[in-house]
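Encoded as structure tokens, the structure appears first; notes follow it.
The values are calculated or read from the model by the stated rules, or taken from the named source; none is laboratory data. Everything quoted here is computed from the prediction, not taken from an experiment. All Cβ positions, even for glycine, are placed from backbone atoms using ideal geometry, and neighbour counts span all protein chains on display.
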Amino acid sequence: MRICSEFVNLRGLGRLVLVALVIAGLAGCHPKISKENFDQIKLGMTQEEVQGILGPPSEATGLEIPVFSGTTSKWAQGEAIITVQFFNGKVVAKEFSQPPPK
């Protein structure tokens, strides 16, 4: 009988751990691609600073020659899109787009 009660306690512990993991996962699901995070991006910021706010881009294209480098990076999450243009590693333009709510 003692084995059965320990088994039940382990099952209860397993459920508790599962619930805790789900709650922790949901708490960490704040979208990075948001108007609030877009507003934190300032002209002159480095690519590293922008990635610190938004994470790695969904896509990036660029051109590099000895005295010039230009990159356009795009972050997308759901229907929200942030596009940032970098010249020599610094933000020179940014755009936020999201369809209006239905």
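Pairing residues of the range 33-49 that are on the phi < 0 side of the Ramachandran plot with residues that are assigned to a helix (DSSP H, G or I), at Cβ distances under 7 Å and at least 6 apart in sequence or on separate chains, gives I33/L54; N37/I53; N37/L54; Q40/I53; I41/V50; I41/I53. Evaluate the range 61-71: report whether one residue or more is surrounded by 14 or more Cβ atoms within 10 Å (Cβ to Cβ), in a loop (DSSP other than H, G, I, E, B) and either of a type in the set (A, V, I, L, M) or modelled with pLDDT of 60 or more (or both). Scanning the range 61-71, I find no residue that is surrounded by 14 or more Cβ atoms within 10 Å (Cβ to Cβ), in a loop (DSSP other than H, G, I, E, B) and either of a type in the set (A, V, I, L, M) or modelled with pLDDT of 60 or more (or both), so the answer is no.
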